[in-house]
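A.B. asks: Sharing a structure here in structure tokens format.
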Amino acid sequence: MKTIIRGGTVVNADRAFRADVLCEADKIIAVAENLDVPNGAKIIDAGGQYVMPGGIDPHTHMNLPFMGTVTQDDFYTGTAAGLAGGTTTIIDFVIPAPKQNLIEAYQQWREWAKKSAGDYTFHVAITWWDDTVQRDMGILVRDHGVNSFKHFMAYKNAIMADDETLVKSFRRCLELGAMPTVHAENGELVYQLQQDLLKRGLTGPSSHPLSRPPEVEAEAANRAIAIANVMHTPIYIVHVSCAESLEAITRARAHGQRVYGEALAGHLLIDDSVYQSDDLEFAAGHVMSPPFRSKHHQKALWHGLRGGNLHTTATDHCTFCAEQKAMGKDDFTKIPNGCGGVEDRMSVIWDEGVNSGMLTPSEFVKVTSTNAAQIFNMYPRKGLIAPGADADVVVWDPEGTRTISALTQFAKGGFNVFEGRTVRGIPSTTLSAGNVVFHRGVLMAVEGAGRYINRPAFSTTSAR
Ligand SMILES: NC(=O)NCCC(=O)O
Ligand SMILES: [Zn+2]
Ligand SMILES: [Zn+2]
């Protein structure tokens, strides 16, 4: 089956140019002006629109068992919601329980992910350490296409990795040519601050940001960067939310260290006033870690993205419904941490970033797709409109508008942190592996159609 996307402007990370895009089966086979229309080809009119590589969300949690419950979106509903928003690939997380065998956890997540409607791949979290973990990291890299490992520096008494684990795991990443990544928050500080707040009777969601101030994040970001420097590994810091962490990244990069940073759509657009709401359900709906920050930090994150010290945008999509959030109604530390966004990331970043002139369309492609493909070794299969690349394409209508609402979204959870926001710039058509999966508001996602993407290791010399 051939599909031709005609009359649009192709936007890649390096340039934008007028061209038609011809796809056959799951690949792009030609990109040029005025291509002939093959007999029987499906024609998609992209006149007045942009044709961009499908979005890559490098940080999602579908079907995640977390804080005593499980997220609302599974791999089908979550990836389908992504397709509706122009995101065609997610990188999710295998998170073994402490002492759980890594391969067993990985197989469990692969099983859950069989439902995916869009392509997916996994970072694997290192939540504990012994010789079997060291061995199994090698098996995952060599035999299962995993090239990145995640370390939670927060969530004490649960999945937190201590410094010994960080050092040993980073060293192993270097041997294997894998990318270490961290959730940077000092888990001990968070725990102590939480206990202090609870003792003072401050049990509501407004205490959540007080237990996780920017300094707590910055300490962990600086520590992780220092460990990576000593161990000679690159490092990728997920959900950078504050100016102080960005400063740590910027400083390290200026000294020649290979440090990458990820910003979340939520952190870029939503500020910490949400925690002051008298509507406790609303405030709890915004409880995620790190928390939303003040406008000063948001501005810094935008500058980081534009200036090249932050590289990717993600969502940390992790949806819990009101009933689940109510598990923490008497104790904010029990509110399951997480918010959604996979359906909205592309549009909110275009609306706030490109429409304001903060980002060019090519910079938008860079931070929503290409950089993630390159950092996690899926490029040029993903993140590029060119012959040979996967036919994961989003036809982007820069004048189309949509008002975001939990009532009309495809994602589950019944809540949306971008509720009520009208965005200008929306996908009109999404192709995943050459198939039209979304067109003008109609979702045609197919359960199980998503593919697992192998990500080979990096050369161990280039990792140094
Ligand atoms: N971010 C969050 O609050 N929940 C998901 C787990 C994590 O990424 O820390
Ligand atoms: Zn995290
Ligand atoms: Zn996360």
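A.B. asks: If you stretched the chain out fully between Gln100 and Asn355, how much longer would it get, using 0.36 nm times the residue separation minus the C-alpha to C-alpha distance? Walk me through the numbers on the way to the answer.
C.D. replies: Working: separation 255, 0.36 × 255 = 91.80 nm, distance 4.65 nm.
Length gained, Gln100 through Asn355: 87.2 nm.
A.B. asks: Cross-link list Lys115/Lys412; Lys150/Lys329; Lys150/Lys366; Lys27/Lys115: which exceed 27 angstrom alpha carbon to alpha carbon? Mind dumping the intermediate values first?
C.D. replies: Details: Lys115/Lys412 15 Å; Lys150/Lys329 30 Å; Lys150/Lys366 23 Å; Lys27/Lys115 22 Å.
Checking Cα-Cα distances, Lys150/Lys329 exceed 27 Å.
A.B. asks: Now for a separate question. How would you order 118-128, 157-167, 138-148 from highest to lowest mean count of nearby Cβ atoms within 10 Å?
C.D. replies: Numbers: 118-128: 24.5, 157-167: 16.5, 138-148: 18.3.
Ranking, from highest mean packing down: 118-128, 138-148, 157-167.
A.B. asks: If I take every Cα pair under 8 Å that is 6 or more residues apart in segment 246-386, average their sequence separation and divide by the length, what percent do I get for the relative contact order? Display every interim value, and only then the final one.
C.D. replies: Numbers: 188 pairs, mean separation 32.9, N = 141.
RCO, segment 246-386: 23 percent.
A.B. asks: When only C-alpha pairs under 8 Å and at least 6 residues apart count, what is the relative contact order of the chain, in percent? Please list the in-between numbers first.
C.D. replies: Values: 1158 pairs, mean separation 106.9, N = 464.
Dividing the mean separation by the residue count of the chain yields 23 percent.
A.B. asks: With r defined as the distance between the Cβ atoms of Ala322 and Asp36 and R0 fixed at 60 Å, what FRET efficiency is calculated, to the nearest 0.05? Don't skip to the end; give the middle numbers.
C.D. replies: On the way: r = 54 Å, r/R0 = 0.90.
According to the calculation, E is roughly 0.65.
A.B. asks: Give me His232, His183 sorted ascending by neighbouring Cβ count inside 10 Å, so fewest comes first. Provide the component values of the computation, followed by the final result.
C.D. replies: Details: His232 13, His183 26.
Ascending Cβ contact count within 10 Å gives the list His232, His183.
A.B. asks: Highest first, please rank the peptides 316-329, 29-42, 370-383, 46-59 by the mean number of other Cβ atoms sitting within 10 Å of their residues.
C.D. replies: On the way: 316-329: 21.4, 29-42: 13.3, 370-383: 23.4, 46-59: 25.1.
For the peptides 316-329, 29-42, 370-383, 46-59, the packing ranking is 46-59, 370-383, 316-329, 29-42.
A.B. asks: Counting only helical runs of four or more DSSP H residues, what would the 222 nm mean residue ellipticity of the chain come to if each run contributes -39,500 (n - 2.57) and the total is spread over all its residues? Walk me through the numbers on the way to the answer.
C.D. replies: Working: 15 runs with 140 residues, N = 464.
Only helices count here, giving -8500 deg cm²/dmol.
Every number in this text was worked out from the coordinates using simple rules, so none of it is lab data. All figures in this text were calculated on a predicted structure; none of them were measured in a lab. Don't worry about glycine lacking a Cβ; one is built from the backbone with ideal geometry, like all the others, and counts go over all protein chains shown.
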